[in-house]
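Worksheet: one structure, shown below.
Just so you know, all these numbers are worked out from the coordinates, no wet-lab data involved. Treat the numbers as computed from the prediction; the structure is a model and nothing was measured. Note that each Cβ is placed from the backbone with ideal geometry, even for glycine, and that neighbours are counted across all protein chains shown.
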Number of protein chains: 4
Amino acid sequence: MTIKRFMELRKAQKENRRQTIVEVAEEILTTKGIDAVTIRSVAKAAGLSVGSIYMYFKNKEELFLCMLLGHLEKLDKAFASRIQGEDALQVLKAMANDYKDYYLACGRHINVIGYLYEQRNQAGEINPTLLNDLETLLASVLAKTQVVLENPAMAPILKGLEASRAIPVMWSIMTGVAELTLTSPRGNQSGFDFDRVLDDTMHILFKKD
Amino acid sequence: MTIKRFMELRKAQKENRRQTIVEVAEEILTTKGIDAVTIRSVAKAAGLSVGSIYMYFKNKEELFLCMLLGHLEKLDKAFASRIQGEDALQVLKAMANDYKDYYLACGRHINVIGYLYEQRNQAGEINPTLLNDLETLLASVLAKTQVVLENPAMAPILKGLEASRAIPVMWSIMTGVAELTLTSPRGNQSGFDFDRVLDDTMHILFKKD
Amino acid sequence: MTIKRFMELRKAQKENRRQTIVEVAEEILTTKGIDAVTIRSVAKAAGLSVGSIYMYFKNKEELFLCMLLGHLEKLDKAFASRIQGEDALQVLKAMANDYKDYYLACGRHINVIGYLYEQRNQAGEINPTLLNDLETLLASVLAKTQVVLENPAMAPILKGLEASRAIPVMWSIMTGVAELTLTSPRGNQSGFDFDRVLDDTMHILFKKD
Amino acid sequence: MTIKRFMELRKAQKENRRQTIVEVAEEILTTKGIDAVTIRSVAKAAGLSVGSIYMYFKNKEELFLCMLLGHLEKLDKAFASRIQGEDALQVLKAMANDYKDYYLACGRHINVIGYLYEQRNQAGEINPTLLNDLETLLASVLAKTQVVLENPAMAPILKGLEASRAIPVMWSIMTGVAELTLTSPRGNQSGFDFDRVLDDTMHILFKKD
DNA sequence: GATGAATGAGTCTTCATTCAT
DNA sequence: GATGAATGAAGACTCATTCAT
């Protein structure tokens, strides 16, 4: 029993450390950009040695993958909470804001789909299990989008298009607005503001003639 | 006379080489990704020495900027040809396809707006003239989008929104669809196809209830 | 306890290596000139890899600075031991010989004052602490010169000039004699010998009419 | 006759160009430092092509040598004009100022004696004739120093030391004062001013007890 | 004679990864 | 388990020198 307990404690501790490292890496990614995320900088910020990072992650790539997983999980949970919403417009806006958070934290630096494709098609040293996790999670996020779109309140918006085919449409819009408005700080020269562009997009999408 | 001619030839030749280098760099960018675009790799692919690249471009940054300029110019010209179109839907689709070409070639790897912002706010060694060119060109592309949107045929789509505010909406949609569907080769696992998603987006946007 | 001990050992070892690298660099500087001191050559001569040098020194500049500091410290100590001397002439000669060692080792290649000025006025990546150390040390050396000159035994030499103003005079003489006689190996074509020129200078300076 | 004339013209023209190039190089050396003196920068500033420089100078080294020769020649002439002076102190001061000009222009960057030694002892690609010229000129400058020192007005200063042995003494002093006070711009932090240090040195040297 | 494009070895510096302790 | 020193290939960039035109 005691040994088993001990092992569990160890495991939990290990999982804790992993999480810490991921969070530290995220912090650096968000605040200083992708080039600043080096094993050294992460180790230093986490109060660990360089070598230790490799006890928790086989690779820098694996660390990145775990960051991606973390953020996507967060997005997944956020989307889950939107499913019950009654007001179609409000729900979509809320989701777009969830996406905004995701985008600022990591979507800005890594395109999940492209990343997934690259990792699958390169003889990378990536743990296939984690890659599958990523794929599953991505599917889960998209599935939630679909659930939201299947909410009867959405019907007038879809204009007859099946919910499954509306997924990429919604996703494109969120991606596009984020990409256009969030790459430079607010009040940027381009004059594009996330909320305004989102509102205008919604207007074009949903305003009844 | 002969000397003048000679000088002109030299200049033309130089411009040619510049173009060749840019094209080689684009080729590498498109096929192997942005990290594969190193001075060495470009030089090798262009059949030149490392030092020679620096005869044509002050910096790696300048080379990138020139790539951007070239592609944006191409996009600008393509958009220009769309202005006269009568069928709003067809025009927008055509523009989206123009954007697709741009995206595949370079938009995928470099976000112009973000790039412009970064360069402006870092004491980079970038030729300010070229940076201004980029800004002007970007403005020109956006202006053409506006002209297209001011075409009376577009009126029913805008639903009263001013053309100037519809610009980022259209741009977001193009960006978003491209981002979602073109980061991995066609027939990718995500199952998202550019044309189909574009069509569906247009359906949601324009279909009368 | 053991851990503390271990840490101390590590630190000492690190300091040792630093010193080794500095010495290797000095060796190259002295024998092959300043242009031969490259990170590669130092690494090779120290039996280390290029990257390793950067574990001990942030910069090539920092390595140089440390060399300077080491030599200046040595000079400072040497000067300190001269302060008590009774025979003014002997003291000055001894100091000139101390300076000779310093000059041969590094003064010949780097002018401290000019170096300090340049580093202060360029946005170099130099550790400001080290730069301050250099400034302090330089001041200390000069201060010791002053103390020596304030020794009553020096009075007849100064002929009423304040000691503080005699500092640059003494310094100039030491620098000048070194500069003239030590740039090429002894028995050089110019026929100028350090000891002889020094003696003659002292003769002109101090011989009573 | 015409052909001979033509050849002479050519030769004169060539010599002119050489001179121009040397002057341009000096200008760069003085204003921007030794690292800024590249074949390219010189060619550009002289309005010539890179290749052309090599028509007039076999080497970058040869160009430097010619610069040295030019400056030393100037110094030689300046010293020549001091020979007749009656007031020993004034003459020495004037010579120190001549040296100052020389130092600021090139002595600061190149130590003639050391340079001569290096070139003699390295299998450099230097024109031996030019090297001899340099040696001769250096001897001439030193000889003039001797003539000045043999001026009866100097007698009280030498205190019995032969003029030939006083040469390096004078030279050391000029070198040293320049080295100490001219490496950073006037009003530098070190607080050493050329004129003041020179005056003080003269005071110690010549003030009768 | 004159040109300037081309070369390529060499500069400093970074960083993911490994391994002896 | 944990460390962090060590590695070395790779990055961008420079510059004296050459040579085809």
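Observations on the structure shown:
- Here the mean projected area of the convex hull built on the C-alpha positions of the range D:69-171 is 6.7 nm².
- Peptide C:159-168 shows a mean partner chain C-beta count of 5 within 10 Å per residue C-beta.
- Around residue A:140: net Lys/Arg minus Asp/Glu count, Cβ-Cβ under 15 Å: -1
- In plain terms, chain D is cut at each of the trypsin sites (Lys or Arg not before Pro) found in a DSSP loop with at most 15 other Cβ atoms within 10 Å, and the longest leftover piece is D:59-158.
- Sites residue A:80 and residue A:110 - FRET efficiency at Förster radius 22 Å, r taken between beta-carbons, to 0.05: 0.50
- Straight-distance candidates among the aspartates and glutamates for linking to residue C:14, with alpha-carbon spacing under 18 Å and chain neighbours fewer than 8 residues away dropped: C:23, C:62.
- For the range C:33-83 and the range A:105-170, distance of Cα centres in Å: 56
- Neighbour counts of other Cβ atoms within 10 Å put C:154, C:55 in the fewest-to-most order C:55, C:154.
- Lysine pairs in the range B:59-206 with Cα atoms under 18 Å, if 8 or more residues apart or on separate chains: 8
- Qualifying GluC sites (Glu not before Pro) for the range C:8-113 [loop in DSSP, other Cβ within 10 Å: at most 15]: C:86
- Here residue A:11 is the anchor, and the lysines within straight C-alpha reach of less than 18 Å, apart from those fewer than 8 places off in the same chain, are A:58.
- Whole-Å semi-axes of the ellipsoid equivalent to the protein assembly as shown (Cα gyration tensor, √5λ, descending): 72, 37, 22
- Across the range B:1-57, Cα-Cα pairs farther apart than 17 Å form 42% of the total.
- Taking the label point 7 Å along Cα→Cβ, residue C:31 and its counterparts in the other copies are spaced 4.2, 4.8, 4.9 nm apart, in ascending order.
- Converting the Cα gyration tensor eigenvalues of the range D:26-117 into ellipsoid dimensions via √(5λ) gives semi-axes, longest first, of 31, 12, 12 Å.
- Magnitude of the charge dipole, chain D, Cβ model with Lys/Arg +1 and Asp/Glu -1, debye to 20: 700
- Between residue B:34 and residue C:101, the FRET efficiency from the beta-carbon distance, with R0 = 56 Å, is close to 0.55.
- Of the residues B:80, C:9, A:70, the one whose Cα sits farthest toward the positive end of the charge dipole of the protein assembly as shown, with +1 on the Cβ of Lys and Arg and -1 on the Cβ of Asp and Glu, is C:9.
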